[in-house]
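The values are calculated or read from the model by the stated rules, or taken from the named source; none is laboratory data. All figures in this text were calculated on a predicted structure; none of them were measured in a lab. All Cβ positions, glycine included, derive from the backbone under ideal geometry; neighbour counts span all protein chains shown.
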Amino acid sequence: MKDWSEICKQGEFWLTKVKIVDPEAGRIFEGAVKVDGGLIAEVREGAFAGEGKILDGEGLHLAPGLIDLHVHLREPGYEEKETVQTGAMSAARGGVTTLCSMPNTNPICDDGSKVAFIRARARQAGLCRVLPVGAITRGSDGKQLADLGEMHDEGAIAFSDDGWPVADAGIMRRAMELSRAWDLLIMSHSEEASLSRGGQMHEGSVSSRLGLEGIPRESEEIAVEREVRLAKMTGAKLHICHISSGGSVDIIRRAKAEGLRVTGETTPHYLLLDHSHVSTYDSHKKMNPPLREKIDQEALVQGLIDGTLDAVATDHAPHTEIEKNVEFAYAPFGVTGLETSLSAVITRLVEPGLLDLPAAVALMSSKPAAIIGVEQGRLVAGAPADLVLFDPTERWTVRGKETASRSDNTPFEGMELTGRVRATFLAGRPVFRRYEEDGESRESFTPNLAKEAAIA
């Protein structure tokens, strides 16, 4: 295997013989990309005839590194589930070069020192950019606002109590008003807990048959409606997390028609699975919000197609095997997703012809970048050289035990997906590579620890 890292350490090289997937231009073309000093220096269409150090892309597709708006890294406090290091490895393996880490750690990420800690751990890992999301309330207990300004100063990209809803509308209103000072995002875990409390899965025919307490769509939709009205009241930037219900899509569609600064995400598991997949009491398919019905799944897909929903994020939430391998009612909510997100989107949206590849990639790169206001996610000169090389046609079977995550609670266990990442570049250096050698498939991780990379 040719050592790509040594070539890239020199700072300037060409990545050639690639099919460039430009999510902003909405097209795919053969060409080459020049990288210099961790940035994209040039995007050239057509056969490459220049000189210099060259990496052969072997006809693979090249896109901006993926941006995941919703990830639980678990550190500090729950390192048995995941760490920043293992989460970053999982991200690199899935082509994710930037992720937003949720604050429900132990202790909660609710002040500047904890934001600084997470950023430092990301720099030490050197495998992806980690943008901490600070808690809205102290301890995420919903009672008193955290010091949003201090967290902003230390690099928090947004504010959320994700994991729990902010039940007090007055506190949420105040958080939205304060967030406008820095034009930062409020990310809402929209749930009316009085309706969802005790629930284990979607309330419907399957929950009735299984004898499990249900969580109705209204627990999400009522909360989404409240957040949208508060956003209208305050003028804040609002992002609705992990949308599972068709009714929520309708609410966001109306909010956008009014010109409100409201965006929304859904997840790969809501696109590929529905409540019927819980019929075997598989706790690896237990998450909050829960898998809902086919009609909701179709509404989510339509929302992505027509632009009502802006992004696909994983809500990567690792748990230990001991925690998940119990009766369904006692298992925690949450599934992993960093390594399967691109494949799941290709399988669900691109293969059936519902979206073309550039539009699908945009949902995981340029559009999330616009939501949080970062420079990543674009294939233009001057943008960070965070890139992913992938084969959009390769079929593979998901095995949780084979992931880089510390936990293996994937909802797609045993499923065949289409599209697989072959290499991930962070600030111009290959941090992950999957390749063939001596007839065997091999993988390598090479952290980018260069100070000038400024990766956190």
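Which of the residues spanning segment 221-251 are of a type in the set (A, V, I, L, M) and more than 26 Å from Thr336 (Cα to Cα)? Step through it out loud before you land on a result.
Let us first name the residues in segment 221-251 that are of a type in the set (A, V, I, L, M), namely 222-224, 228, 230-231, 233, 236, 238, 240, 243, 249, 251.
Ile222, Val228, Leu230, Ala231, Met233, Ala236, Ile251, listed by residue number.
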(request) Keeping to segment 196-209, report how many residues are buried (at least 18 other Cβ atoms within 10 Å of the Cβ) and part of a helix (DSSP H, G or I). (result) 3
(request) Tally the residues that are buried (at least 21 other Cβ atoms within 10 Å of the Cβ) and over 14 Å from Ala362 (Cβ atoms), restricting the search to segment 302-320. (result) 8
(request) Sort through Arg174, Arg209, Arg197 and tell me the only one that's among the charged types (D, E, K, R), more than 21 Å from Gly307 (Cβ to Cβ) and touching a strand residue (DSSP E or B) at 6+ places or on another chain (Cβ under 7 Å). (result) Arg174
(request) For residues that are charged (D, E, K, R) and in a helix (DSSP H, G or I), scanning just segment 244-261, find the one that is farthest from Val224 (Cα to Cα). (result) Lys256
(message) If Gly428 meets every condition in (1) outside the structural domain of Thr267 (by TED's automatic domain parsing); (2) surrounded by fewer than 23 Cβ atoms within 10 Å (Cβ to Cβ); (3) on the phi > 0 side of the Ramachandran plot apart from one, which number is that one?
(response) (2)
(request) Read through the list (1) touching a residue at least 40 places away in the same chain (Cβ under 8 Å); (2) out of contact with any helix residue (DSSP H, G or I) (no Cβ under 6 Å at 6 or more places or on another chain); (3) in a helix (DSSP H, G or I), then give the number of the only condition that Ala88 fails. (result) (2)
(request) Within segment 76-85, identify whether any single residue is in contact with a Leu (Cβ under 9 Å, 6 or more places away or on another chain), crowded, with 24+ Cβ neighbours inside 10 Å and of a type in the set (Ser, Thr, Tyr), and answer yes or no. (result) no
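Give segment 133-147 a look and list any residue that's among the aliphatic types (A, V, I, L, M) and out of contact with any Phe, Trp or Tyr (no Cβ under 6 Å at 6 or more places or on another chain), or say none.
First pass over segment 133-147, keeping only residues among the aliphatic types (A, V, I, L, M): 133, 135-136, 145-146.
Val133, Ala135, Leu145, Ala146, listed by residue number.
Could you tell me whether Ala91 is crowded, with 22+ Cβ neighbours inside 10 Å, under 15 Å from the mean Cα position of the chain (by Cα) and closer than 30 Å to Pro392 by Cα?
Values: crowded, with 22+ Cβ neighbours inside 10 Å: yes; under 15 Å from the mean Cα position of the chain (by Cα): yes; closer than 30 Å to Pro392 by Cα: yes.
The answer is yes for Ala91.
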(message) Against the condition surrounded by fewer than 21 Cβ atoms within 10 Å (Cβ to Cβ), out of contact with any strand residue (DSSP E or B) (no Cβ under 8 Å at 6 or more places or on another chain) and either at positive phi or of a type in the set (A, V, I, L, M) (or both), how does Ile251 come out, does it pass?
(response) no
(message) Condition (residue is touching a His at 6+ places or on another chain (Cβ under 7 Å) and in contact (Cβ under 8 Å) with a residue 40 or more places away in the chain) applied to segment 29-38: is it met by at least one residue?
(response) no
(message) Taking the condition of being out of contact with any strand residue (DSSP E or B) (no Cβ under 9 Å at 6 or more places or on another chain), farther than 17 Å from Thr336 by Cβ and assigned to a loop (DSSP other than H, G, I, E, B), how many residues in segment 266-307 meet it?
(response) 5
(message) Filter segment 120-147 down to the residues that are in a helix (DSSP H, G or I) and in contact with a strand residue (DSSP E or B) (Cβ under 8 Å, 6 or more places away or on another chain) and list them by number.
(response) Arg121, Ala122, Arg138
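Out of contact with any Gly (no Cβ under 6 Å at 6 or more places or on another chain) and either closer than 13 Å to His269 by Cβ or surrounded by 19 or more Cβ atoms within 10 Å (Cβ to Cβ) (or both): does that describe Phe333? I'd like the intermediate steps shown before the answer.
On the way: out of contact with any Gly (no Cβ under 6 Å at 6 or more places or on another chain): yes; either closer than 13 Å to His269 by Cβ or surrounded by 19 or more Cβ atoms within 10 Å (Cβ to Cβ) (or both): yes.
Yes: the conditions hold for Phe333.
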(request) Kindly list the number of the only condition in (1) farther than 22 Å from Lys17 by Cα; (2) outside the structural domain of Leu291 (by TED's automatic domain parsing) that fails for Leu349. (result) (2)
(message) With the requirement that a residue be of a type in the set (Phe, Trp, Tyr) and crowded, with 23+ Cβ neighbours inside 10 Å, what does segment 370-402 give you?
(response) Phe390
(message) Restricting to segment 94-123, name every residue that is surrounded by fewer than 24 Cβ atoms within 10 Å (Cβ to Cβ) and either touching a residue at least 60 places away in the same chain (Cβ under 8 Å) or not assigned by TED's automatic domain parsing to the domain that holds Leu69 (or both).
(response) Asn104, Arg119, Ala120, Arg123
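For segment 308-333, what are the residues that are small (Gly, Ala, Ser), touching a Lys or Arg at 6+ places or on another chain (Cβ under 8 Å) and in a loop (DSSP other than H, G, I, E, B)?
So the first thing to find is which residues in segment 308-333 are small (Gly, Ala, Ser), and the list is 311, 313, 317, 329, 331.
Next, from what is left, pick out any that are touching a Lys or Arg at 6+ places or on another chain (Cβ under 8 Å): 311, 331.
Matches in segment 308-333: Ala331 only.
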(request) Would you mention how many residues in segment 351-365 are surrounded by fewer than 24 Cβ atoms within 10 Å (Cβ to Cβ) and touching a Pro at 6+ places or on another chain (Cβ under 7 Å)? (result) 2
(request) Just need a number here: residues in segment 148-183 that are over 22 Å from the mean Cα position of the chain (by Cα), of a type in the set (A, V, I, L, M) and assigned to a helix (DSSP H, G or I). (result) 7
